[in-house]
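Notes to accompany the following structure.
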Amino acid sequence: MSQTFLTVLQYYGAGAATLAALIVSLNLGRRITGWAFVLFVTSSIALIAWGFLDDNSEGIGWQNVALLFINATGVWRYLISSHNPAD
């Protein structure tokens with residue numbers, strides 16, 4: 001695997017997670033928060049790939065496997081489910 005590709009995965013994952021966290025923290029509404037969780041999902045996928053393709057980053061890969069399930073729950077809760085929980 002090329003080092004450039006691994007670097008792109010690493011920095012995309014970090015940047016996307018940071019932006020998604022900012023969006024969630026702003027509490028801009030259910031739909032926008034849901035799309036922030038979609039961004040979190042793409043971040044987790046990138047960091048899973050980087051974690052398992054890079055020789056010294058397996059821990060980040062496993063962490064993001066868990067985070068992928070958490071983030072998918074956010075997508076379900078905010079974008080897919082019609083249930084509207086009380087704040």
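The values are calculated or read from the model by the stated rules, or taken from the named source; none is laboratory data. What you see is a predicted model; the values in this text were computed from it and never measured. Note: ideal-geometry Cβ built from the backbone for every residue, glycine included; neighbour counts use all protein chains shown. We work out accessible area using only protein heavy atoms, side chains counted, and drop any ligands, DNA or RNA first. Shrake-Rupley method; radii C 1.70, N 1.55, O 1.52, S 1.80 Å.
Overview of values
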| quantity | calculated |
| --- | --- |
| Residues being assigned to a helix (DSSP H, G or I) and surrounded by fewer than 15 Cβ atoms within 10 Å (Cβ to Cβ) - total across the range 66-87 | 7 |
| Tally, over the range 26-52, of residues that are open to solvent by 80 Å² or more (accessible area, probe 1.4 Å), in a helix (DSSP H, G or I) and over 19 Å from T73 (Cβ atoms) | 2 |
